[in-house]
Structures are given as structure tokens and as C-alpha cells.
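Please read the structure below before turning to the comments.
The values are calculated or read from the model by the stated rules, or taken from the named source; none is laboratory data. A quick note: this is a predicted structure, and the numbers were derived from the prediction, not measured. Positions of Cβ are backbone-derived with ideal geometry, glycine not excepted, and every protein chain shown enters the neighbour counts. Note: areas computed on protein heavy atoms with side chains; ligands, DNA, RNA excluded. Shrake-Rupley method; radii C 1.70, N 1.55, O 1.52, S 1.80 Å.
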Amino acid sequence: MADIFLTPHLTRPWLIADLGAPMRVLSFAPYRPGFVTARHIVWRELKNADLPVGLEVDDWIAAEMTRNGHADAIGLLTSRNITRFKRTEATVEDVRVAALATVGLGNAERIGARTPRDWAVESYGTINVAIQTNTPLRETAQIEALTIAAEARTAAVMDAGLRLAGGPVTGTGTDCLALAAPAGQGAYAGLHTALGEAIGQAVYSAVSEGAAEWVRENPLMMRKVFSGA
């Protein structure tokens with residue numbers, strides 16, 4: 001049997017990441033956030049027409065996930081073309097990490113600011129990243145691991161070189177991360193650990209590749225929205 005480790009399956013408008021077995025996932029996803037047990041992390045691609053003004057998004061995504069057989073999965077939302085997903089891996093010592101990302105930067109933002117938007121020109125973006133490690137972790141270490149993934153995401157976005165009036169872009173207004181790990185006794189996941197190094201490599205690479213592709217695809221927005229573009 002082939003190794004299943006954050007394995008993507010694309011059936012548009014769904015992108016399904018298979019973890020290979022149920023495991024503990026920590027996320028702030030719009031569907032089943034927090035610490036939950038799941039085997040799949042699922043993206044739902046959508047358009048503006050899918051979310052009319054006044055719609056209760058929580059109810060909508062719950063109904064969509066259930067109707068399509070994903071009630072037990074973690075659910076992410078994105079307006080990014082999900083065929084543009086990026087999957088990367090890193091191995092450091094005996095630690096294996098994979099990252100699967102979709103990267104849109106249409107609603108890019110600078111940390112500590114809320115930039116006025118012209119939605120006639122701009123569009124929603126969203127960076128969604130799923131991460132899986134083979135390292136068994138305590139809940140506290142999994143929280144730390146998620147912060148390392150967030151740091152890697154931010155570094156990749158900043159290195160993409162986009163700027164708003166307040167300074168370099170650091171993310172979007174709707175980013176989401178989900179990190180899966182076996183439950184266990186691993187106590188640390190910081191930058192001095194093999195796990196922290198592997199998470200950083202995998203997430204940075206996936207987001208960097210996705211950001212570079214988005215920039216190439218959106219020359220008009222680059223000229224009209226971003227400083228110095």
C-alpha cells in the first residue's frame with residue numbers, strides 16, 4: 001500500500017487532504033475548529049455568489065460538508081483556484097513534515113493595520129495551510145508547532161516582497177492553519193528542535209511557491225493595489 005501522508009485528492013470544488021489515519025488536528029478552521037480528531041482536512045473553493053450578503057457562513061459550510069460526505073473532516077474555505085495547491089515535504093533527523101497550501105493574496109494585509117479596500121479592484125484571497133507531522137505531541141507542543149507554522153507562513157509572505165502603505169504584507173485577513181499530529185508525549189516544537197525546523201521548511205516552501213504563482217497570475221492587482229509594484 002502506498003504511504004498516505006497529507007495526500008491530496010482534487011475533485012473541484014473540493015480539495016481533500018488525507019492524513020492516512022484519524023489523528024488530532026489543531027486549527028482555527030471555519031468548520032470543526034480547535035482540537036478535534038479527523039482523518040481529512042478539506043478545502044471548499046467558492047465564489048462571491050456562494051456567499052450572498054446575510055448568509056450565515058457557519059451554517060452554510062456545515063451543510064455543505066455534511067451533504068458532500070465530509071461531516072467528520074476539518075473544513076477550510078477559499079476563493080483561490082484549488083488546482084493551484086502546493087504540497088511540500090521536509091525531513092529533519094527522524095521528523096517528517098508535509099504542508100499543503102493554497103495561496104491567494106487578494107485581501108493582503110499588514111499586521112497591526114486594517115487597510116481600506118476597494119473591492120471593485122481587489123478580491124478576497126486567503127492562505128490556507130494544512131500541516132502533518134509524524135511526531136507524537138502533547139497538546140501544548142501542538143500549539144507551539146502551530147505558531148511555528150504561522151511564523152513560516154508570515155516569513156514566506158514577507159519574502160514575496162508585497163507592500164501596502166503601512167509596510168510589507170504579512171498575510172491576508174482570512175488566513176487559516178490546521179496542524180495534524182499523533183497524540184503523544186513530545187513536549188517541544190520550537191525553532192531549536194528538529195520538528196520546528198521541518199515545519200518551517202515545509203510551510204515556508206509551500207507558501208512561497210503559492211505566493212510566487214499568485215503574483216505571476218495577477219499583474220493588474222499588483223499594479224493597482226501594492227506599493228512599488
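For the reader, a short list of remarks on this structure follows.
- Interchain or long-range residues, amide H under 5 Å from ILE74's placed H: HIS40, ILE41, VAL42
- Normalised convex hull volume, region 161-229, alpha-carbon set, Å³ per residue: 126 Å³
- P(r) tail for region 1-98: Cα pairs beyond 15 Å make up 65% of the total.
- Using R0 = 41 Å, the C-beta based FRET efficiency linking SER227 and ALA187 works out to 0.45.
- Each of the peptides 64-74, 201-211, 173-183 was scored by the mean count of other Cβ atoms within 10 Å over its residues; in descending order, highest first, they stand as 201-211, 173-183, 64-74.
- One equal scatterer on each Cα of the chain, no solvent, Debye formula: the resulting log10 I(q)/I(0) at q = 0.09, 0.14 Å⁻¹ is -0.35, -0.86.
- Looking at the chain, the accessible area is 46 square angstrom per residue; that uses a 1.4 Å probe and ignores ligands, DNA and RNA.
- Taking 0.36 nm per residue of separation and subtracting the current Cα-Cα distance, fully stretching the chain between ALA71 and ASN48 would add 6.0 nm.
- Between GLU139 and ARG84, the simple label model (points 7 Å from Cα in the Cβ direction) yields a spacing of 3.7 nm.
- Sum of -39500 (n - 2.57) over DSSP H runs of 4+, divided by residues of the chain (222 nm, nearest 500): -9000 deg cm²/dmol
- Spin-label model, VAL57/ALA212: points 7 Å from Cα along the beta carbon direction are separated by 3.0 nm.
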